[in-house]
1. Pulled fully out, how much extra length does the chain show between residue 135 and residue 87, if you take 0.36 nm times their separation in residues and subtract their Cα-Cα distance?
2. Let's test this: bin the Cα-Cα distances of the stretch 52-124 at 10 Å from zero up to the farthest pair and state each bin's percent.
3. Could you give the length gained by full extension between residue 166 and residue 62, i.e. 0.36 nm per residue of separation minus their alpha carbon distance, to one decimal place?
4. Which order do the peptides 159-171, 49-61 come out in when sorted by mean C-beta neighbours inside 10 angstrom, highest first?
5. Of 98, 145, 75, 107, how do they rank once you tally other Cβ atoms within 10 Å and put the fewest first?
């Protein structure tokens, strides 16, 4: 009798298991597949990449800037250039099309160049040189040109006037621009394209015209 009971119970168990739909047996494996990160990435695709422009800078350096609508090439690259001791006015910028470099204006909207490569080159005759640092104690009010904090003891370039704390030395621009010579260069370029005739106004008016033509005043090198 006992054997008959055991055999009937095992038979009912087998019938119960066999009656389970085959689709339910796939549920655990389906969940394990969905938990795979690579498959989750296919189900939820990544958000589109932000528009950027790749820029090759002087001295074999490069950077990447966002291609924001309404922002000029000048404003997009100004910080990267200043960190290297340069300003847009002493450089030329080119876009690469069909393997050739074609000049573009600094006021071009950077969003028009999304996905492209730009090359920035220093103009000919621009007075670039190496820094000439000396240790200096500043007895007048002075600020570090990198961190903008008060500067008492630090270093100063005798050529371009860049001053900084010792702790900020790794952030000093690699290139040195002699702004005095640069201003003379722009003045000579101005008179080259705007010759003065005898009918010109007083000297003060000519001076004002030259000042308006200059890209920016030289940095403060007092102290």
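1. Computed gain between residue 135 and residue 87 is 14.7 nm.
2. 21, 61, 18, 0
3. Length difference between fully extended and current span is 34.9 nm.
4. 159-171, 49-61
5. Final ranking by Cβ density, sparse to dense: 98, 107, 75, 145.
Rule-based calculations on the coordinates, nothing more; no lab input. This structure is a prediction, so every number in the text was calculated from the model and none was measured. Neighbour counts run over all protein chains shown; Cβ positions are idealised from the backbone, glycine included.
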